[in-house]
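Reviewing the structure listed below.
The values are calculated or read from the model by the stated rules, or taken from the named source; none is laboratory data. This one's a predicted model, so the numbers in the text were calculated from it and none came from an experiment. Cβ placement follows ideal geometry from the backbone for every residue including glycine, while neighbour counts extend to all protein chains displayed. Please note that ligands, DNA and RNA were not included when accessible areas were found on the heavy atoms of the full protein model with its side chains. Shrake-Rupley method; radii C 1.70, N 1.55, O 1.52, S 1.80 Å.
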Amino acid sequence: MEEIKDIRQDFYVNMGPQHPSTHGVLRIVLRLEGERVVSSETVLGYAHRGVEKMAESKTYVQMMPVMDRFDYVSSMLYEWAYVGAMERALGIVPPERAEFIRVIMGELNRMASHFVWVGAFLLDLGAFTPFLWVFDAREKIMDMFEEVTGQRMTNNYFKIGGVHDDITPEFLKMLDDYLKMIYQRMADVEELIESIVFLERVKDLGFISKEEVQSYGLTGPVARGSGVMIDTRKTEPYSVYDRLNFEIPLGTKGDCYDRYRVRMKEIIQSAKIVEQALGMLPEGPYAEKAPKVVKLPEGEYYFAVESARGLLGVYLLSDGSTKPYRFKLRVPSFANLSIIDKLLPGNKISDVVAILGSIDIVVPEIDR
Amino acid sequence: MKASYFEKVGIGIKTVVKGMAKSLTYFFKKPVTLQYPHVRKKIAERYRGSIRLKIDPETGKFKCIACTNCEKICPAFAITLKTETPEGSKKKELKEFYVDLGRCIYCGLCVDSCPVDAIEHSNVYEVAERIKDNLILRLDKIGEKNV
């Protein structure tokens, strides 16, 4: 046996940048011993577009459509963070109706994002049918977005002081039908997914402890899966979230299965928030008057929202002109990905996909 | 307590049968997909398709006053305007209006920035071309594709 051990060599496998399970151009160099991962190294930069530098040469309004293009599955939450930072700088308070429309749109977007995650995660693990079911549910949200904002994904809907357009009666009708359908659909998906084939693959895999959540700066469902209560909507309520009644689902063990459970419960909670916000939706204007030429007063401004993946912060440093002096994003995926090199060693190569999938990364927001 | 191997096999068969039964109910539902070229989805009224210039119904001319606001605000540099000032008049007039659909990101900032509401999004979404140059449209000519 001794001799065989000696001739063993380290085997390197490049996962990505063209790999279907990395969902974008991410490269992970895996060092293998047999079927087990000994160590891994994440290589970034394949989708780097230099957006933070680009922001310095674009006006504040011109940056609005670019905000949709970081996290393309929950784009309106990004608009929200950016618009929020600018509103804080200009001292504009959006009208009540606008805030509720933002909450409805934001939560629908969070649901859409989690649907994409559930579908893609199960597709990585080899289940195809749930992917079709959740994408049907997502497509109905996209139809609603098209009805109100004019686009399916790159919405460009939030404006300084409110939203671009009012919601339509047709949208309310679609949303009513949708909320009636969604709970049944989620129950169906859960019943289909939670077979022993799935549970055996995700349970007791990729543990993240509470201490690791803090030391790596993890946020979002990844942190909440480990039982850490971090949610900007509760801890630092923005908009009208302090008036809405909702729960933050928490996991207990911090394995892949807990992170999956947290996201599935969050979809239900988001649907409940949308229902509440619809009931509380006041009449009135949907936008405050915004200045034609946006010039932020000198200073630093920061605004954070809870995106579908965690804490999302936009930092603006203004020198008083029409363009930001410095534009910085604190993106959740980048921090969440940082723990992957800690999680992978010791696991089998087929579990790499499950662990990476459970983190829920979107590469364009990691490489900005 | 860990389940034994045979118990696991039993649970596996049970859950697979349960999942199959569930998917069978979806088998009898109406399909959600459309046979695209033959059946088309209803496009929302606000849908932001390729842009076009509006014509004033009273004069029959384009509403555009050649202020070049849309050219300035476009984040993708898709719009190019050529203006001229006729002799004896101080007002600028529109000479040529180009939009490069290969660059356009359909964000709608040009429509928002127009002071006279002279530009709008159409519902046209099938704009694929074989030759790249065909994507550059001249919008101020009646009879072109998107006018």
| Within the range A:140-152, can you find the residues that are within 18 Å of the chain's Cα centre (by Cα), within 11 Å of another protein chain (Cβ to nearest Cβ) and open to solvent by less than 60 Å² (accessible area, probe 1.4 Å)? | A:142, A:145
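Name the helices (runs of 4 or more DSSP H) wholly within the range A:1-73 that hold at least 1 residues that are at pLDDT 85 or above and closer than 30 Å to residue B:109 by Cβ? Spell out how you get there, then give the answer.
Working: elements: A:2-7, A:51-54, A:64-67.
Filter on the range A:1-73 gives A:51-54, A:64-67.
Restricting to strands (runs of 3 or more DSSP E) lying wholly in the range B:29-147: which have 2 or more residues that are under 17 Å from the mean Cα position of the chain (by Cα)?
Numbers: elements: B:51-53, B:79-84, B:93-100, B:119-121, B:136-138.
In the range B:29-147, B:51-53, B:93-100, B:119-121, B:136-138 are the strands (runs of 3 or more DSSP E) which contain 2 or more residues that are under 17 Å from the mean Cα position of the chain (by Cα).
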| Among A:38, A:61, A:83, A:73, which is the only one that is open to solvent by 20 Å² or more (accessible area, probe 1.4 Å), of a type in the set (Val, Ile, Thr) and more than 14 Å from chain B (Cβ to nearest Cβ)? | A:38
| Can you name the residue in the range B:100-115 that is more than 15 Å from residue B:139 (Cα to Cα) and within 11 Å of chain A (Cβ to nearest Cβ) and is also surrounded by the fewest Cβ atoms within 10 Å (Cβ to Cβ) among such residues? | B:115
| note | residue B:64 fails exactly one of (1) at pLDDT 80 or above; (2) surrounded by fewer than 18 Cβ atoms within 10 Å (Cβ to Cβ); (3) more than 14 Å from every other protein chain (Cβ to nearest Cβ), namely (2)
| Looking at (1) under 22 Å from residue A:330 (Cβ atoms); (2) β-branched (Val, Ile, Thr); (3) assigned to a loop (DSSP other than H, G, I, E, B), which is the only condition residue A:252 fails? | (1)
| task | Check off (1) assigned to a helix (DSSP H, G or I); (2) of a type outside the set (Gly, Ala, Ser); (3) crowded, with 20+ Cβ neighbours inside 10 Å for residue A:167 and give me the number that stays unchecked. | result | (1)
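Do we have residue A:173 as within 20 Å of residue B:19 (Cβ to Cβ), within 14 Å of chain B (Cβ to nearest Cβ) and either over 18 Å from the mean Cα position of the chain (by Cα) or surrounded by 17 or more Cβ atoms within 10 Å (Cβ to Cβ) (or both) here? Can you show your working first?
On the way: within 20 Å of residue B:19 (Cβ to Cβ): no; within 14 Å of chain B (Cβ to nearest Cβ): yes; either over 18 Å from the mean Cα position of the chain (by Cα) or surrounded by 17 or more Cβ atoms within 10 Å (Cβ to Cβ) (or both): yes.
Judged against the criteria, residue A:173 is not a match.
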